[in-house]
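The values are calculated or read from the model by the stated rules, or taken from the named source; none is laboratory data. Just so you know, these numbers come straight off a predicted model, no measurement behind them. Note that we place each Cβ from the backbone using ideal geometry, even for glycine, and neighbour counts take in every protein chain shown. Only protein heavy atoms, including side chains, enter the accessible area calculation; ligands, DNA and RNA are left aside. Shrake-Rupley method; radii C 1.70, N 1.55, O 1.52, S 1.80 Å.
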Amino acid sequence: NSVHKQYFDNYVDISGLEFARAIELGCGPFTNIRHIDCEIGELVLLDPLIEEYIGHRHNQLGGAILVASTIEEMPELGHFDLVVMINVLEHCQDANTVLHRIWNLLAPNGYVVFGEQSYWNVTDLLGKRYDAGHPIRPTLPFLERFVQRFEPVYRRDIRRTAGYAVYFIGKKNAD
């Protein structure tokens, strides 16, 4: 998570902001949101394995509302001023549903912090093997269609062996 913090330039573009409600999707036991220097009134952490993470002696889940669910099957939680999802999409089952959920979770003028690996040629990468832990291999054009819906606040692309990692902070327009 500290590496993601570096790739987001320490989240300086949203540091010091106040958010009444924030959610991290696919938070894991340590969360990325703890690295963002901002004020959060109510924090929700969502992960299908959250109950297992509670028992981890170094978990960073204290003080949050914990929801054990996939993003695709999450209950209605209302709107949030900040949605964080980093390195999660490729672990999901339905990328379109996940990105649609992010959009619908965000309140008008809300911020998204989104980081994901994209791939150039999914067929070459996967061959005939199925990876149950990473069933989705999003391409850069697919991720571009999502981030283009937001007013960009921060963007950094990092070239990797099989593609790019996209680190993006955007703001949802009020209209």
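Observations
- Some residue of segment 23-30 being open to solvent by 60 Å² or more (accessible area, probe 1.4 Å) and among the aromatic types (Phe, Trp, Tyr): yes
- Selection of segment 67-91 for residues being over 26 Å from residue 174 (Cβ atoms), open to solvent by less than 40 Å² (accessible area, probe 1.4 Å), of a type in the set (A, V, I, L, M) and over 11 Å from the mean Cα position of the chain (by Cα) yields only 67.
- In this structure, residue 143 does not satisfy being at pLDDT 85 or above, within 17 Å of residue 14 (Cβ to Cβ), open to solvent by less than 30 Å² (accessible area, probe 1.4 Å) and not in a loop (DSSP other than H, G, I, E, B).
- Only residues that are open to solvent by less than 70 Å² (accessible area, probe 1.4 Å) and under 18 Å from residue 160 (Cα atoms) were counted in segment 3-15, giving 4.
- For segment 36-66, filtering for residues that are among the hydrophobic types (A, V, I, L, M, F, W, C), free of Cβ contacts under 8 Å to residues at least 40 places away in the same chain and open to solvent by 50 Å² or more (accessible area, probe 1.4 Å) leaves 4.
Every residue, every condition in (1) modelled with pLDDT of 95 or more; (2) basic (Lys, Arg); (3) assigned to a loop (DSSP other than H, G, I, E, B); (4) within 29 Å of residue 142 (Cβ to Cβ), yes or no:
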residue: 27; (1), (2), (3), (4): no, no, yes, yes
residue: 51; (1), (2), (3), (4): no, no, no, no
residue: 59; (1), (2), (3), (4): no, no, yes, no
residue: 71; (1), (2), (3), (4): no, no, yes, yes
residue: 83; (1), (2), (3), (4): yes, no, no, yes
residue: 93; (1), (2), (3), (4): no, no, yes, yes
